[in-house]
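Engineer: Sending over a structure as structure tokens; questions will come in a sec.
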Amino acid sequence: MKRVVRFKLNGEYVEAEVEPNELLINLLRDKLHLTGTKYVCGIGECGACTVLIDGKPVLSCITLAVDVNGKEVVTVEGVSKDGLTPVQEALMEEGAIQCGYCLPGFVVMGEYLLKERMEVSEEELREALRGNLCRCTGYVNIVKAFKKAFEKRGLKS
Amino acid sequence: MSVEDPYALLDKWLNAQELLVVGKDVTRVDAFQKAVGKAYFTEDYLLKEALFVKQVLSPYPHARILSYDVRKALDIPGVKAVITAKDIPGVNQVGYALPDQPLLAEGKVRYVGEVVALVVAEDYDTAFKGVESVEVKYEELPYLLDPLEAMNRNDILIHEEIGSNIAFKTKVVKGDVNEGFAKSDVIVENEYRTHHQDHIYLEPEAALAIPDMEGRITIICSTQYPHLTRDIASKVLGLPSSYVKIITPYVGGGFGGKDDEGPLVAAKAALAAYLTGRPSFLMYSREESIAIHPKREATVIKYKSGASKDGRLQAIDVKIIHDTGAYANRGPFILWRATVHASGPYEVPNARVEGFAVYTNKVYQGSFRGFGNPGIQFAAESQMDLLAEKLGLDPIDFRLKNILKEGSTTITSQKLDHSVGVGEALRKVAEASDWWRKRREYSLDTGRFRRGIGVGVAWHGISTSRGVPDWSNAYVKIEKDGSVTAYTGIVEMGQGAPTSAHVQIISELLGIPPTKVKVIFGTTDAPDTGATHASRGSSIGGIGVLIAAAKLRERLAKLASEILNVTPEEIMFKDGRVYSKKDPNLYIEWKDLIKEAISKGVELSATGYFFLPKGKFDDVRGQGFAYPAFSYMVVISEVEVDVETGVVKVLKVWPALAAGRILNPQQVEGQLEGAAVQGLGYALMENLVFDGKGRVVNPDLTDYVIPTIRDVPEIQKPIYVEDLFKYGPFGAKGVGELALIPMPASVANAVSHALKTRVTSLPLTPERVLELIRSSR
């Protein structure tokens, strides 16, 4: 039996009819046309489908669409609504972008980490990002970019 | 000689001084779209009206197909078609090197996961139900999983028509190995084994076929060679090539895997679209991807080598066995590459190398970054360490005595006339890593944590192996407003060839900012540029772009010289302005020059075509011209081994590259780091496990483990030796595969150093390391 979910998506209220077993990633991609969120493993191992639900990172490939009813969801598209975030800027500057398929997950995690913490050690950073797989970059420039984003923010505050 | 002669143009830019854009860390033009999640990949083009395709897979490693019953499936509302081999309107033959492989199984299945039928339905769930309702009757056949067994048995034949399970053989014979071993004071003989590796490109295989777009079938798909993809799809459909168009949008990683599988995915989606008349979409799940698509080959390598007291290599005798799986695919080419690279980058006067690609009832092998080379370099470099030890020489000092240099001949007797920077790269990186001190110091470790330092040196021929024709081709046009559009068949799969290297080349030559340059990539509407594989996207792919842009520059320089009343030689193109080098006040704005060109009838479009000059290769003796040039890579790795748990930690890695001109250091660094970590994963943890029926038991990212951000070592800034290649754009050779190739050797040599016992098989999982420690006691 279909159900209606109402939630805030990237700052705007949306409503959608979903199956009880429908996954959030499919609702976002196929019905709401937000294709930034990517399918890679389907079992919550790679982090490419990460979105924020009420400010916390969640894997949309193992989350039911009905579970976001009444909540606030932010995707990669929502993260950069008001211009590039420090993490996005730094990823571009540090050459951390290759194929780009894993990147939405990293960008969303970056948004979360920047809001959650004032500063972060490299060890904490690696721990926070160990659920995000990348097969192109070897992570070297991703780590550089995240560090830079935190440093930049520190300068502003 | 015409000013538009390709050799003259290449030579002019090879020796250019004061480059403005090339050689700089220019941000690639696709970075922004990718950062904001607006870069579209194949799945992102999915149409609402598209049908979904799901595949019926073989549950048996080897079986005869007795019958199909598709009625139940077709009775399901929403199932539009069930397609089997007999429905193929064209030719059901997709073997690359040998004609041994059907697109859809015909008569027999040869591995668990082989595609038997396609179900096409209105939605994904219905297609899935359809797959479960297709009934295929099989008669199980005896099967073979071990290549050593398969090559010696003729009672079970995986391909009856060949009469043997050996799909292909290769050979290199140089000098006299018996004489070489007689001259040797030390001889080392070992057997090495390497395993399968899955690419785990993050984007699974996908294709969307749309009938009747532009009056032909258009296939949007994730592939590495649009023109080959088109040729295979059109052959399966029975249509002229020109009636099939391929668009390859951003590709979410390829690493070779989509060079093999991409065309097959496209052909299957096209088949569904052609037979139903509706747009059709096929995307593999991760589990299907791992079960179906070709893998890095597993190898058994028997290697004997000898050297004389003066530290000179005298002979190698090598037997290479590749487990090619159910189909030859690109196996023969992979085997050739392994065979001609078997010596490592050293001078060896006497060599005998024999290669065998052997069929087994497993998922077949295919292209993977390094293409047969990582396995053989692992064996060759292990042998180098063992010989050095027997001779009482330091491993790097021993290598330097034998390293290839200008004027050396390879084991195919090809004389290397230029662009051989490997010796310098090795010396420099040894110094940078403080090699000699660490090598001595770490030998003294005795506690629970033992340190080791190891080196891997590799060479990798640029372009296709032997005399196989290879070319570059591109089309560049200047628009009325002065912006530039370029067309190439090269795809963007993360490496950035069309979005950084090609853009920089055009920007450099025409003096306009990268933002004014649009490279349309991955389309069959561009001239056939060859595949985006073999580290050729920026290098070989860039030659055509350079020649086309250089032709346009010559024409515009002539026009500007007439307008400014100076010689064409003194004309400069920079920052949107064309001026005299002698007097920068004599100038014309780029935009105005283009207007002048249009009004005066100067042609503003050009193709850049270059056919790589090659020599002859004798396949029987394996002697002759193998490659126009080689790229070289050295990786030194420092490890720490916990002898109680068997856990290997790679602490630091020092890369050095000799690949000609570095077009964009930041991008090259990204390639080296990514390849090093992919190689590290292969050396330490990645392992495809097969059950007793040849089924992959770990086809997902829980059980097939790749490196995370916590597993990567500190990778030092690369050392570059810019040993210019005369036919490369600005002298560039290939980079993409390089750092992966010596990585297994480098790590294995470091672990061998730490444990004082020889590693001969991979991956170095804790279990294997503990076993190694136990067996060495």
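Engineer: Per the Kirkwood formula on distinct C-alpha pairs, the Rh of the protein assembly as shown is how many angstrom?
Structural biologist: Across the protein assembly as shown, the inverse of the average 1/r is 28.8 Å.
Engineer: Ok, one more. Sorted by average packing, counted as other Cβ atoms within 10 angstrom per residue and highest first, what order do B:522-529, B:92-99 take?
Structural biologist: Those peptides, ordered most packed to least, come out B:522-529, B:92-99.
Engineer: Let me know the charge dipole size of the range A:86-156 about its Cα centre in debye, to the nearest 20, where only the beta-carbon of Lys, Arg (+1) and Asp, Glu (-1) is charged.
Structural biologist: With only Lys, Arg, Asp and Glu charged at Cβ, the dipole is about 80 debye.
Engineer: Over what distance in Å are the Cα centres of the range B:476-499 and the range B:701-732 separated?
Structural biologist: Cα centroid to Cα centroid, the span is 24 Å.
Engineer: Could you work out the equivalent-ellipsoid semi-axes for the range A:86-156, taking the square root of 5 times each eigenvalue of the Cα gyration tensor, largest first, in whole Å?
Structural biologist: 18, 13, 10
Engineer: Given the alpha-carbon gyration tensor of the range B:668-740, what are the semi-axes of its equivalent ellipsoid in whole angstrom, ordered largest first, with each equal to the square root of 5 times an eigenvalue?
Structural biologist: 34, 16, 8
Engineer: Okay, moving on. Summarise the partner chain shielding of A:85-93 as one whole number: the mean count of Cβ atoms from other chains within 10 Å of each residue's Cβ.
Structural biologist: 3
Engineer: If we restrict to alpha carbons, what Rg and Dmax does chain B come to, in Å?
Structural biologist: For chain B, the Cα radius of gyration and maximum Cα-Cα distance read 26.9, 84 Å.
Engineer: I would also like to ask the following. What ranking do A:58, B:769 get, fewest neighbouring Cβ atoms within 10 angstrom at the top?
Structural biologist: So the ranking, lowest neighbour count to highest, is A:58, B:769.
Engineer: Ok, one more. Quick one: P(r) of the range B:607-711 from all Cα-Cα pairs, 10 Å bins, percents rounded to integers, in order of increasing distance.
Structural biologist: 10, 26, 25, 25, 13, 1, 0
Engineer: Straight-line reach from residue B:108: which lysines have Cα under 23 Å away, leaving out those fewer than 8 places along the same chain?
Structural biologist: Within reach: B:54, B:72, B:86, B:137, B:235, B:268, B:295, B:362, B:693.
Engineer: How large is Rg/Rh for the range B:244-303, to two decimals, with Cα atoms and a Kirkwood Rh?
Structural biologist: We get a ratio of 1.10 for the range B:244-303.
Engineer: Based on the Kirkwood radius over alpha-carbon pairs, what value in µm²/s does the Stokes-Einstein equation return for the translational diffusion coefficient of the range B:142-268 at 4 °C and 1.567 mPa s?
Structural biologist: 69
Engineer: Can you order the peptides A:117-123, A:146-152 by their average number of other Cβ atoms within 10 Å per residue, highest first?
Structural biologist: Packing order, densest peptide first, comes out as A:146-152, A:117-123.
Engineer: How big is the Cα convex hull of the range A:1-82 in projection, averaged over all directions, in nm²?
Structural biologist: 4.8
Engineer: Using Cβ contacts closer than 10 Å as the measure, can you line up B:62, B:341 from fewest to most?
Structural biologist: B:62, B:341
Engineer: Using the Karplus equation 6.51 cos²θ - 1.76 cosθ + 1.60 (θ = phi - 60°), what ³J(HN,Hα) coupling, rounded to whole Hz, does each residue of the range B:564-573 give in order, writing x for Gly and Pro?
Structural biologist: 8, 6, 10, 7, x, 5, 8, 6, 10, 10
Engineer: I've got another one for you. When every alpha-carbon pair in chain A is counted, what percent end up more than 22 Å apart?
Structural biologist: 39
Engineer: Evaluate peptide A:26-34: per residue, the Cβ atoms of other protein chains within 10 Å of its Cβ; return the mean as an integer.
Structural biologist: If you average over the peptide's residues, the count of other-chain Cβ atoms is 1.
Engineer: In terms of Cα to Cα distance under 27 Å, which lysines are near enough to residue A:152, apart from those fewer than 8 places away along the same chain?
Structural biologist: A:56, A:81, A:115, A:144, B:24, B:34, B:38, B:717
Engineer: I would also like to ask the following. Give me the net charge of residue B:147's neighbourhood, meaning all other residues with Cβ under 15 Å from the Cβ of residue B:147; Lys, Arg count +1, Asp, Glu -1.
Structural biologist: +3
Engineer: I want the local charge near residue B:315. Using Cβ-Cβ distances under 13 Å, sum +1 for each Lys or Arg and -1 for each Asp or Glu among the other residues.
Structural biologist: Charge balance near residue B:315 sits at -1.
Engineer: So, one more: Compute the separation of the alpha-carbon centres of the range B:1-35 and the range B:549-564 and state it in Å as a whole number.
Structural biologist: Cα centres, the range B:1-35 to the range B:549-564: 17 Å.
Engineer: Where a Cα-Cα gap under 28 Å defines reach, which lysines qualify for residue B:600, not counting those fewer than 8 residues away within the same chain?
Structural biologist: The qualifying lysines are B:12, B:477, B:480, B:516, B:518, B:551, B:558, B:574, B:581, B:582, B:591.
Engineer: Something else now. Restricting to DSSP H runs of at least four residues, report the calculated mean residue ellipticity at 222 nm for chain B, -39500 (n - 2.57) per run over all residues, nearest 500 deg cm²/dmol.
Structural biologist: Calculated at 222 nm, the ellipticity per residue is -9000 deg cm²/dmol.
Engineer: Sort B:459, B:471 by Cβ crowding within 10 Å, fewest neighbours at the top.
Structural biologist: B:471, B:459
Engineer: If you plug each phi of the range B:627-638 into the Karplus form 6.51 cos²θ - 1.76 cosθ + 1.60 with θ = phi - 60°, what whole-Hz ³J(HN,Hα) values come out, in order, with x for Gly and Pro?
Structural biologist: Going residue by residue, I get 8, x, 6, 10, 8, 10, 9, 10, 10, 9, 10, 10 Hz, with x marking Gly and Pro.
Engineer: Could you order the peptides B:537-549, B:46-58, B:222-234 from most to least packed, using the average number of other C-beta atoms within 10 Å per residue?
Structural biologist: For the peptides B:537-549, B:46-58, B:222-234, the packing ranking is B:537-549, B:222-234, B:46-58.
Engineer: Starting from the coordinates of the alpha-carbon atoms of the range B:337-402, obtain the Kirkwood hydrodynamic radius over all distinct pairs and give the value in Å to one decimal.
Structural biologist: Kirkwood hydrodynamic radius for the range B:337-402: 13.7 Å.
Engineer: Let me check I've understood the local charge: for residue B:737, count other residues with C-beta under 11 angstrom from its C-beta, Lys and Arg +1, Asp and Glu -1. What total comes out?
Structural biologist: So the surrounding residues net to +3.
Engineer: Got the relative contact order for the range B:283-400 handy, in percent, Cα pairs under 8 Å and 6 or more residues apart?
Structural biologist: 32
Engineer: Here is a further query. Just to confirm the filter: which trypsin sites (Lys or Arg not before Pro) across the range B:534-614 are DSSP coil and have at most 16 other Cβ within 10 angstrom of their Cβ?
Structural biologist: Those satisfying the criteria are B:581, B:582.
Engineer: If amide H atoms are built 1.01 Å from N in the plane of the peptide, which residues on other chains or at least 5 residues away come under 5 Å of the amide H of residue B:758?
Structural biologist: Residues meeting the criterion, in which the H sits 1.01 Å from N, do not exist here.
Engineer: I'd like the mean, over residues of B:706-715, of how many other protein chain beta carbons sit within 10 Å of each residue's own Cβ.
Structural biologist: The mean count of partner-chain Cβ atoms within 10 Å per residue comes to 6.
Engineer: Gap in Å between the Cα centre of the range B:262-301 and the Cα centre of the range B:68-138?
Structural biologist: Each part reduced to its Cα centre gives a spacing of 12 Å.
No lab work stands behind these numbers, since they all come straight from the coordinates. All values derive from a computational prediction rather than experimental measurement. Counting neighbours? That spans all protein chains shown, and the Cβs are built from the backbone with ideal geometry, glycine included.
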